[in-house]
1. Sort out which residues of the range 14-29 are surrounded by fewer than 22 Cβ atoms within 10 Å (Cβ to Cβ) and either under 23 Å from residue 187 (Cβ atoms) or small (Gly, Ala, Ser) (or both), and write them in order of number.
2. Just the residues that are assigned to a loop (DSSP other than H, G, I, E, B) and surrounded by fewer than 14 Cβ atoms within 10 Å (Cβ to Cβ), please, taken from the range 132-149.
3. Restricting the search to the range 581-596, which residues are over 32 Å from the mean Cα position of the chain (by Cα) and either among the β-branched types (Val, Ile, Thr) or part of a strand (DSSP E or B) (or both)?
4. Whether any residue in the range 66-84 is under 17 Å from residue 56 (Cα atoms), aromatic (Phe, Trp, Tyr) and in contact (Cβ under 8 Å) with a residue 40 or more places away in the chain is what I want to check.
5. Can you spot a residue in the range 90-104 that is outside any loop (DSSP other than H, G, I, E, B) and surrounded by 16 or more Cβ atoms within 10 Å (Cβ to Cβ)?
6. Quick one: what pairs do we get from the range 253-266, first residue farther than 10 Å from residue 370 by Cβ, second assigned to a loop (DSSP other than H, G, I, E, B) and modelled with pLDDT under 85, C-beta under 6 Å, 6+ apart or different chains?
7. Residue 468 passes all but one of (1) assigned to a helix (DSSP H, G or I); (2) exposed (fewer than 15 other Cβ atoms within 10 Å of the Cβ); (3) modelled with pLDDT of 70 or more; (4) not assigned by TED's automatic domain parsing to the domain that holds residue 248; which number fails?
8. From the set of residues in the range 490-521 that are closer than 23 Å to residue 601 by Cβ and among the hydrophobic types (A, V, I, L, M, F, W, C), which is surrounded by the fewest Cβ atoms within 10 Å (Cβ to Cβ)?
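The values are calculated or read from the model by the stated rules, or taken from the named source; none is laboratory data. As the structure is a prediction and not an experimental result, all values here were calculated from the model. No Cβ is skipped: glycine too gets one built from the backbone with ideal geometry, and neighbour counts run over all protein chains shown.
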Amino acid sequence: MSRARGQKQRKKKDPAAEACAEGVRLARSNPALAAMEAELCRHEECAVAPRHGLVRVDSDGRIHLHPTRHAAPAEWAWAIAHALIHLGFGHVPAATGERVQPDRYDLAARCAVVNRFLQTFPVGRTPDDLPATYPDGDEEHIAAAWRRAGGVPAAHEHCGTAGHEPDLLLMPWDRWNGQAPDWQLAFAHALTRTMSTALDLAGGRRDDMRGGPTRLQPWQQALSWFVSSYPLLGGIAAGITLVADAELARAHGISVAAVNPEAGEIYVNPLRRYEDEEWRFVLAHEMLHAALRHGDRCGTRDPYLFNVACDYVINGWLVEMQVGTMPEGLLHDPALAGLSAEEVYDRIAGDLRRMRRLSTPRGKGVGDVLGAPLGAPRDCVDLDGFYRRGLTQGLDLHQQQGCGFLPGGLVQEIRTLSHPPLPWDARLARWFDEYVPRPEPVRSYARPSRRQAATPGIPRAGRYFPPEEIARCTFGVVLDTSGSMDRTLLGKALGAIASYAEARDVPAARVVFCDAAPHDAGYLPVTEIAGRVRVHGRGGTVLQPGVDLLLRADDFPPAAPVLVITDGWCDVLRVRREHAYLIPRGARLPFTARGPVFRVS
């Protein structure tokens, strides 16, 4: 061995540095944390590094590591993740000027929120001396609660990564060559990308979290784009299942795509060749069909024509929003801009021959909103909760992030979904409260006096209900008893009427049964109306004579309202006083109702 070679000093291994480097690698292996471009500082002369703990983070985006501390790689990974999440949660924002350090309550609350998040977002190994549970709420509410209580619980006093010292430090941003970074926005974008990747992994479109896609199909790329980059429909896209089956599409005549809202499935024809932008347009079209509940809004209209009307409205919105590129052949007419689907239906319903030749994404002459799943039975979702929550939260996020223009008609429909109408029985109760008076007792000394035990020598006025007051508190019922009436409708309607009338102390109602001719039942106790119903079944229903009989009756008060219960298969009615209708959901009256219409579900 030469003398120079023998004099060469071999560098000794540093176990602490190797364990720290491995911990950094473990933390960076998480895609969301890897996107946080924070600097690492592990110098012995660093004055900011903790003296007893592992990590401290400052508002410049530097993570200061203890230079000589021995710890397992998993412990280093957890501590570094804790510091990075402090940045991502906005606990140490970068800002210019003088900085005020958080007090002990804010420090403990911020560490508690980060540790609670790491329990569901595991990175490395959590230290054994930390609490198993943490209070609910954000850091501001937790800190305020501890201030009111007069102190921080001992278990949460020092649950950070710098021992008994603060693990975060606010510093004035004085770098001359750049704008202060927004760590919170960067972390939110990283989490969104991670969620999109996880969904691709669960759907078999990726091999691992860090690997690239394995032959991702164009329609799958379009759906992933909505999850990661378009918040308005991102929540809907995350819960929608794409079914790409050429045989299924051929068997059911699906040219491009169709949707089944009840099953949460979009069926695409994999043999159709479209660009990515065109697939985005098609998928957005189908998701809006499902989310805006166009299948349920059809009612008694022609399903295909209503589907066409909805296509005109949706395609007009998507063109305005510039979501993808509209494929050739889809329905779009700028003259219909600003109209609702119901208004477009009224315009196109007069030209049935031409409209039958129009094409939806499913094909010519057929609608792309399906009423039943095409595949095997599967668990259905809570439709109202899923679609309403997905659209309303997506709209709020879309507007907060300023992601682009949204048509006023679409925003109005989404806001309408977020405030669903009252159930029919609640509206009926309001109608009773407004138009059916409650009998009021009258005080009179002519009645037998009452005496109180405290003052037996003082007589009290008695209470009673005058006959004219009782007669005034009633209402009329014109009940369709033809053979087409549904027993379920009768049961629900009469049960609701009886319960509301009893709650308002209404003793009896004036009842007229009608089918081909009226049958006057006189005044009946509201609880006995259902027992007197007889469905005659003599064909068509003529209700106007029954209404006239009721309004001309001498014993029926002129201010009493009338309630008409029918299935909609009746003649045109004219009721010249306050009135309302109870009809089944999906039925339509053959005339324009001037009173409220309660649709029994």
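1. Hits for the range 14-29 are 16, 17, 19, 21, 24, 25, 26, 28, 29.
2. 132, 133, 136, 138
3. 592
4. Yes: the range 66-84 contains one or more residues that are under 17 Å from residue 56 (Cα atoms), aromatic (Phe, Trp, Tyr) and in contact (Cβ under 8 Å) with a residue 40 or more places away in the chain.
5. For the range 90-104, residues outside any loop (DSSP other than H, G, I, E, B) and surrounded by 16 or more Cβ atoms within 10 Å (Cβ to Cβ): absent.
6. Between residues of the range 253-266 that are farther than 10 Å from residue 370 by Cβ and residues that are assigned to a loop (DSSP other than H, G, I, E, B) and modelled with pLDDT under 85, the close pairs are 264/381.
7. Failed condition: (3).
8. Among those that are closer than 23 Å to residue 601 by Cβ and among the hydrophobic types (A, V, I, L, M, F, W, C), it is 503.
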